[in-house]
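The values are calculated or read from the model by the stated rules, or taken from the named source; none is laboratory data. Since this is a predicted model, take the numbers as computed values, not measurements. With ideal geometry, Cβ positions are generated from the backbone for all residues, glycine too; neighbour counts draw on all protein chains shown.
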Amino acid sequence: MIQFEGVAKSYTGLISRKRVDALTDFSIEMSRGEVVGIAGPNGAGKSTMISLMMGFLQPNAGRITIDGKPARQWIEGNGVGYLTELVNLPAGWKVPATLQRMAALSGVPSAEIAARSATMLTRLGLDEHAAKSVKQLSKGNLQRVGLGQALVGDFELVVLDEPTHGLDPLWTQRFRDVVTELRRPDRLIIIASHNLDELETLADRVAILDHGRLQRVVTHQTEERSEQLAWRLVLEGSVDVAAVIPGATAVAGREGTWRCVASRRELSQGLGALLAGGAVLVECVPEEGRLESAFRAAVQR
């Protein structure tokens, strides 16, 4: 569906007049039916990538196409469900009217606007805020209104930039359900986020950017069993884990708790030896997820 081919984008500093390379030789293909995550530290190029894809900016080199057409041409003809990083809506608009107006702008047929907006109001838990204006909403509730305006249309392409920013834990969890409901074979969902746990849970693939370059694409299908991950082990009694798992260190002040960095195979072999020797395992959990580990390695590199 979407193809970036050798895309580059640079800016000239207003004061320094130096060239800043925001995106360099960026290539990736994203298909319908996928949820694709975009991750990277501040200044990595995520916002530039989205702006290029939306047609707000033009690349200095390379090309971006959607179904073979120039990105902006396709979006103007087909529309897109787009949540910006910072939700900015007219302060005086009431919440229901905001969703209705956004539904109209999204091309929802006039006869369906009221019903579609009401459904979205309920779906995002905004019924109790229906009497409020945009300026009266908390950050989290405003974010839900922004999410509602992005989803009130029925688009094949949905782009969500930091969608859980400002949401409380309950609605962060609910957002996962919303994305699950949005999935369908003819739709591509792109989520740019600093929340690696969310991306690891929701995305089929996550593209990691740093210094304007695509550093790595992490997928569930290509899980590397040899990857070194950080683990926390808790065992009963006094057990010398370091004698079995090289590099393991005891956590100060927490009896029986150890930290180690090992691959799944190394960890399994070490735990097997400990258990065979009579150790009792209380807990074994990763201190960081696979995506977090890949992110750290890609950015440090």
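When residues in the stretch 13-46 are screened for being surrounded by 21 or more Cβ atoms within 10 Å (Cβ to Cβ) and among the hydroxyl-bearing types (Ser, Thr, Tyr), 0 of them pass.
Tell me yes or no: at least one residue of the stretch 45-53 is assigned to a loop (DSSP other than H, G, I, E, B), in contact with a Phe, Trp or Tyr (Cβ under 7 Å, 6 or more places away or on another chain) and in the same structural domain as PHE175 (by TED's automatic domain parsing). Looking through the stretch 45-53, none of the residues is assigned to a loop (DSSP other than H, G, I, E, B), in contact with a Phe, Trp or Tyr (Cβ under 7 Å, 6 or more places away or on another chain) and in the same structural domain as PHE175 (by TED's automatic domain parsing).
Checked against the criteria, ILE2 does not count as under 17 Å from the mean Cα position of the chain (by Cα), among the β-branched types (Val, Ile, Thr) and at negative phi.
Exactly one residue among GLY107, GLY92, GLY68 is farther than 24 Å from ARG176 by Cβ, touching a Gly at 6+ places or on another chain (Cβ under 7 Å) and surrounded by fewer than 13 Cβ atoms within 10 Å (Cβ to Cβ), and that residue is GLY107. Among the residues making up the stretch 260-273, those that are crowded, with 16+ Cβ neighbours inside 10 Å and either farther than 19 Å from LEU229 by Cα or under 31 Å from the mean Cα position of the chain (by Cα) (or both) are CYS260, VAL261, ALA262, ARG264, GLU266, LEU267.
Conditions tested, residue by residue: (1) modelled with pLDDT under 90; (2) assigned by TED's automatic domain parsing to the domain that holds ARG72; (3) over 19 Å from the mean Cα position of the chain (by Cα).
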{"residue": "PRO109", "(1), (2), (3)": "no, yes, yes"}
{"residue": "GLU112", "(1), (2), (3)": "no, yes, yes"}
{"residue": "LYS135", "(1), (2), (3)": "no, yes, yes"}
{"residue": "GLN143", "(1), (2), (3)": "no, yes, no"}
{"residue": "LEU147", "(1), (2), (3)": "no, yes, no"}
{"residue": "GLY153", "(1), (2), (3)": "yes, yes, yes"}
{"residue": "GLU162", "(1), (2), (3)": "no, yes, no"}
{"residue": "LEU170", "(1), (2), (3)": "yes, yes, no"}
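Among the residues that make up the stretch 218-238, is at least one of them under 30 Å from VAL159 (Cα atoms), part of a strand (DSSP E or B), hydrophobic (A, V, I, L, M, F, W, C) and touching a residue at least 40 places away in the same chain (Cβ under 8 Å)? Yes, because at least one residue in the stretch 218-238 is under 30 Å from VAL159 (Cα atoms), part of a strand (DSSP E or B), hydrophobic (A, V, I, L, M, F, W, C) and touching a residue at least 40 places away in the same chain (Cβ under 8 Å).
GLN215 meets each of the listed conditions (1) within 26 Å of PRO41 (Cα to Cα); (2) outside any strand (DSSP E or B); (3) modelled with pLDDT of 85 or more apart from (2). When ARG265, ARG213, ARG259 are checked against the criterion of being closer than 26 Å to ALA22 by Cα and either free of Cβ contacts under 8 Å to residues at least 12 places away in the same chain or not acidic (Asp, Glu) (or both), ARG213 stands alone in meeting it. Considering only residues in the stretch 71-89 that are out of contact with any Leu (no Cβ under 6 Å at 6 or more places or on another chain) and crowded, with 19+ Cβ neighbours inside 10 Å, the one that is nearest to ILE190 (Cα to Cα) turns out to be TYR82.
Residues in the stretch 114-141 that are in contact with a strand residue (DSSP E or B) (Cβ under 9 Å, 6 or more places away or on another chain) and of a type outside the set (Lys, Arg) were compared, and the one that is surrounded by the most Cβ atoms within 10 Å (Cβ to Cβ) is VAL134. The set of residues in the stretch 1-42 that are touching a residue at least 60 places away in the same chain (Cβ under 8 Å) and outside any strand (DSSP E or B) comprises MET1, SER31, ARG32, GLY33, GLU34, GLY40, PRO41.
Looking only at the stretch 220-259, which residues are more than 30 Å from the chain's Cα centre (by Cα) and at pLDDT below 85?
GLY237, SER238, GLY253
Return a yes/no flag: does the stretch 287-300 have any residue that is touching a strand residue (DSSP E or B) at 6+ places or on another chain (Cβ under 7 Å), modelled with pLDDT of 90 or more, assigned to a loop (DSSP other than H, G, I, E, B) and not assigned by TED's automatic domain parsing to the domain that holds LEU209. No: the stretch 287-300 contains no residue that is touching a strand residue (DSSP E or B) at 6+ places or on another chain (Cβ under 7 Å), modelled with pLDDT of 90 or more, assigned to a loop (DSSP other than H, G, I, E, B) and not assigned by TED's automatic domain parsing to the domain that holds LEU209.
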